[in-house]
Amino acid sequence: MLIRKPSEYRWSDTTPREIYQKRREFIRTLSGAAAGLAGAAAMPWAESLQAQTGPKLPGVTKSPLSDTGEKLNSFKDITTYNNFYEFGTQKEEPAVLSRGFKTNPWTLTIEGEVAKKKVLGYDDLFKIAPLEERIYRMRCVEAWSIVVPWVGVPLAALLKQVEPTSKAQYVAFETHYSRSSMLAPDEAGINFPYVEGLRLDEAMHPLTMLAVGLYGEKLPNQNGAPVRLVVPWKYGFKGIKSITRIRLVEKQPPSTWNLINAREYGFYSNVNPQVDHPRWTQATERRLGEIFRKKTLPFNGYADQVASLYSGMDLRKFY
Ligand code: MTE
């Protein structure tokens, strides 16, 4: 089990004690009263997280938009150190508590300001466009980062298929929520369903991805199966998981963390080493698996590709 370094910050550090205690109750029920999480980690299935075990997704080609030259984080790092509050607020919990989450059948509806509304089933998710592997950095707002070989398609490929109307200015996303297999809002300390949003031009940017896999396999549940958003120049919380609804809309849509604390979690949330989180610095980050902190890059290193989306905007104001 991963032990949190004292240098790491969490928004959940401020979780009230009664919420935390309720959550522990829930976790005990799910993982077996006696075993608890510590016991679960010693179970055989936990071993399988250390290796890639699933069948490879067919027909995946490497995208020229992949980063090169940076060491990938291991499959184990990527799949056992997660933020997925529906399945627990501690990093090791989603891998355990999402095990029974059924993602097939699935429905992803794309609607709103579109000429051709679309409803995709589970198998359709893997046929939106040819699957690409893209290696991206992911920088969490909590100041840790990882490098992930995602598999997926440009979100633009799907949006073009539904033909946005001239009124569509933003894209709103919503995670599937089921009370029977996920925490209650008061146990997690945030509202469900988890929601996120992008401006339409951000959503159409070639770097923005709908991911259905990682390390060549279908996404593990804890990483947002069967389909999640990846926007590599923004803080990781914009990467909404297990998406069931996409709506094209006229007005800026709500986003979960922004609703909780707009001052700490802006709508844009572009990675910006010059704008600190009110409770910690964003100038540096801890790459999982490395000892020394590294400098955080503007737009997480993707400035050449995306800075023009924000020309003329004061990024201290629109954070
Ligand atoms: N999506 C949902 N539905 N629920 C969440 O709690 N956490 C976000 C984001 N997407 C979250 C979510 C945060 S804070 C981060 S950093 C990333 O997922 C983490 O993705 P990973 O666990 O695959 O690394």
Quick calc, the range 92-160, dipole around Cα centre from Cβ unit charges on Lys, Arg (+) and Asp, Glu (-), nearest 20 debye, gives 220
Rounded to the nearest whole number, the Stokes-Einstein translational diffusion coefficient of the range 17-310 at 25 °C and 0.890 mPa s (Kirkwood radius, C-alpha pairs) in µm²/s is 125
Surpassing 28 Å at the alpha-carbon level, of the pairs K167/K241; K117/K238; K56/K294; K118/K167; K71/K295, are K56/K294
A convex hull over the alpha carbons of the range 155-210 yields, per residue, a volume in Å³ of 111
With N residues in the range 171-319, Rg(alpha-carbon) / (2.2 N^0.38 Å) equals 1.08
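Each value in this text was obtained by applying a stated rule to the coordinates, not by laboratory testing. Predicted model, so just to flag it, every value in this text is computed and none were measured. Note that we place each Cβ from the backbone using ideal geometry, even for glycine, and neighbour counts take in every protein chain shown.
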